[in-house]
Amino acid sequence: MQTSKNFRLDDFIAGWIGGASSVVVGHPLDTVKTRLQAGKDYKSPLHCILAIYRQETAMGFFKGMSFPLASITVYNSVVFGFFSNTQRLISKYRYGDGRHPCGMLDLTVASMLTGLVSVGLGAPVDLVKIRLQMQTQTDLAENVHLAGNVSSCTNIPLRSVDIHSQRLYRGPIHCIISILQTEGLQGLYRGAGAMILRDVPGYMLYFIPYTIFCDLLKPDATSSPHPCFIGLAGGLAGSISWVTATPADVVKSRMQADAQPQRKYRGILHCIILSYKTEGAQVFFRGASVNAIRGFPMSATMFLTYELSLQFFRGL
């Protein structure tokens, strides 16, 4: 499947298939990660998991999954298709042959460009996913805001502030329409700057370790690694990428969960400073353990499904 010698469509299709499988595997822990990063009511990942299950049943872990399943498949299609085709274009430009193996500098340029391009599509997807994930059966966000506005001398515990309100968003489409109506088109790209800070280095630390691990696990230079080793390399690369991206991911999640009318953060720098002042430096590593655990099966599934799909298409 190719339209020219250096541009292939099968990379996009394989990325779409891999994206769908990785969403199903990773979404429950992604919900836990988002709640830990954007909320204040959880003491640990285990406490967060138990709280979600008790308050919302097992379905709470899959809240907001329909939109990522429909959109992240397209997102991963663009990411993997763009990265692979960019590699070939760089090889064609530098070495005169699009099939020439990329060097480390080539991989770095291709992966950083991929991270930059991904934000255009990924920022609205992440924002809608996070807004839906942050909705609980009782509106905890309003509880936190109200409790924060009560004078400390009254000593009213948080659990006594009982606000029962209807959910702000009925689903992903309603969420998009509401954001456009209240915040405009720029509202869908809230947190995009933080996402650039996360994804440009994040994809560099995603594709480069994967390539290195695959090369190390090959039986010889001319053959492909075993599918088990592809999954292992992808999983390790995913964990490395997500752990190192956690500080920027925390800022991104907080800014995207920060909806009108009671908006707390004026921008990236204000979010960093306010988060540090109120919760200390450890807040920027909140969810790192979940990211490490979640990143492994998600990325292992993503890369394995992608590579197997490519083998299937190119064998037709």
- [ ] Keeping to region 240-262, report how many residues are open to solvent by 20 Å² or more (accessible area, probe 1.4 Å) and more than 19 Å from Gln135 (Cα to Cα).
- [x] 6
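Test Leu113 against the stated conditions and say whether it is open to solvent by 70 Å² or more (accessible area, probe 1.4 Å), assigned to a helix (DSSP H, G or I) and under 24 Å from Val250 (Cα atoms). Break it down stepwise before answering.
On the way: open to solvent by 70 Å² or more (accessible area, probe 1.4 Å): yes; assigned to a helix (DSSP H, G or I): yes; under 24 Å from Val250 (Cα atoms): yes.
Against the criterion (open to solvent by 70 Å² or more (accessible area, probe 1.4 Å), assigned to a helix (DSSP H, G or I) and under 24 Å from Val250 (Cα atoms)), Leu113 qualifies.
Restricting to region 59-69, count the residues that are in a helix (DSSP H, G or I) and either within 16 Å of Ala123 (Cβ to Cβ) or of a type in the set (Phe, Trp, Tyr) (or both). First the steps, then the outcome.
Quick first cut of region 59-69, residues in a helix (DSSP H, G or I) only: 59-62, 66-69.
Then keep just the ones that are either within 16 Å of Ala123 (Cβ to Cβ) or of a type in the set (Phe, Trp, Tyr) (or both); that gives 61-62, 67-68.
Count: 4.
Have a look at Leu89, Leu107, Leu46 and point out the one that is of a type in the set (A, V, I, L, M, F, W, C) and over 20 Å from Gly295 (Cβ atoms). Outline the logic, then answer.
On the way: Leu107 fails: over 20 Å from Gly295 (Cβ atoms); Leu46 fails: over 20 Å from Gly295 (Cβ atoms).
The match here is Leu89.
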Open item on the list: Report every pair of residues separated by at least 6 positions or lying on different chains whose Cβ atoms are under 7 Å apart, first residue within region 294-316 and over 16 Å from Thr73 (Cα atoms), second open to solvent by 20 Å² or more (accessible area, probe 1.4 Å) and not in a helix (DSSP H, G or I).
Closed with: Phe313/Met1
TODO: Working only within region 77-110, note down all residues that are part of a helix (DSSP H, G or I), touching a helix residue (DSSP H, G or I) at 6+ places or on another chain (Cβ under 8 Å) and open to solvent by 20 Å² or more (accessible area, probe 1.4 Å).
DONE: Val78, Phe82, Gln87, Ile90, Arg94, Met104, Thr108, Val109
TODO: Check off (1) under 30 Å from Arg266 (Cβ atoms); (2) open to solvent by less than 20 Å² (accessible area, probe 1.4 Å) for Gly234 and give me the number that stays unchecked.
DONE: (1)
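Scan region 193-223 residue by residue and report those that are among the aliphatic types (A, V, I, L, M) and not in a helix (DSSP H, G or I). It would help to see each step written out before you state the result.
Within region 193-223, the subset among the aliphatic types (A, V, I, L, M) is 194-197, 200, 204-205, 208, 212, 216-217, 221.
Result: Ala221, single match.
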TODO: Working carefully through the options Leu217, Leu188, find the one that is at pLDDT 85 or above and open to solvent by less than 30 Å² (accessible area, probe 1.4 Å).
DONE: Leu188
- [ ] Just give me the residues in region 263-316 being of a type in the set (A, V, I, L, M), open to solvent by 50 Å² or more (accessible area, probe 1.4 Å) and at pLDDT below 90, in sequence order.
- [x] Ile293, Leu316
Task: Residues satisfying the stated conditions in region 13-62, i.e. in contact with a helix residue (DSSP H, G or I) (Cβ under 8 Å, 6 or more places away or on another chain), open to solvent by 60 Å² or more (accessible area, probe 1.4 Å) and in contact (Cβ under 8 Å) with a residue 40 or more places away in the chain - done: Ile13, Trp16, Val24, Val25, Lys40
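The values are calculated or read from the model by the stated rules, or taken from the named source; none is laboratory data. None of the values given here were measured: they were computed from a predicted structure. Don't worry about glycine lacking a Cβ; one is built from the backbone with ideal geometry, like all the others, and counts go over all protein chains shown. For accessibility, only protein heavy atoms count, side chains too; no ligands or nucleic acids. Shrake-Rupley method; radii C 1.70, N 1.55, O 1.52, S 1.80 Å.
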